[in-house]
Structure formats: structure tokens, C-alpha cells
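Undergrad: Quick one: the structure is below, questions incoming.
Throughout, read-outs are computed from the coordinates displayed, never taken from laboratory work. Quick caveat, the model's predicted, so the values are computed rather than measured. Here the Cβ is made from the backbone with ideal geometry for all residues, glycine too, and neighbour counts use every protein chain on show.
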Amino acid sequence: IMSELKISLAAARVNARMTQSQVAEKMHVGKQTVVRWENGKAEPKTSQAMELCRLYNIPLDNIFLPINHT
């Protein structure tokens, strides 16, 4: 079922034809922050995740975030 498809932040960014630098600029963060989000070393705040989805034009449900929900 396609609705269950989850994609990584990196894949979403590539699909949106944006570079890490472009995303960092639009999000007002450093490029390293975007790199850390994409490799799971850090997680975007909820507001940032929602903004990323707007940038990438995908629903938040379609983003796979390697986050420990406890």
C-alpha cells in the first residue's frame, strides 16, 4: 500500500531537487544540521519537520525519521 511508504529526509530532499545547502538556507540552519538530520545523528524539532515537509511537498506521515519514540 503506497500510503505506508516512508522515505528518508535525504530521499525527500533529492526528490524535491534541493541540495543540503539550499535546505539549510531555507530552514535558517547550518548545512551540518541538515546532514545530521539526514544521517539520524540529530532530529529536527516538530516545527522543523513540518517545515521540511512543506519544502519537500510531502505529508509528515511519509517521512521516516530515525527517532526513538519512548
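Undergrad: Calculate, in nm to one decimal, what residue 42 and residue 7 gain on full extension: separation in residues at 0.36 nm each, minus their alpha carbon distance. List each step's numbers first, then the result.
TA: Working: separation 35, 0.36 × 35 = 12.60 nm, distance 1.69 nm.
Roughly 10.9 nm would be gained on extension.
Undergrad: Could I ask something else about it? How about the range 11-70: which trypsin sites (Lys or Arg not before Pro) there lie in a loop by DSSP and see at most 10 other Cβ atoms within 10 Å? Can you show the working numbers first?
TA: Working: sites: 13, 17, 26, 31, 36, 41, 45, 54; in loops: 17, 41, 45.
Sparse-neighbourhood loop trypsin sites (Lys or Arg not before Pro): 17, 45.
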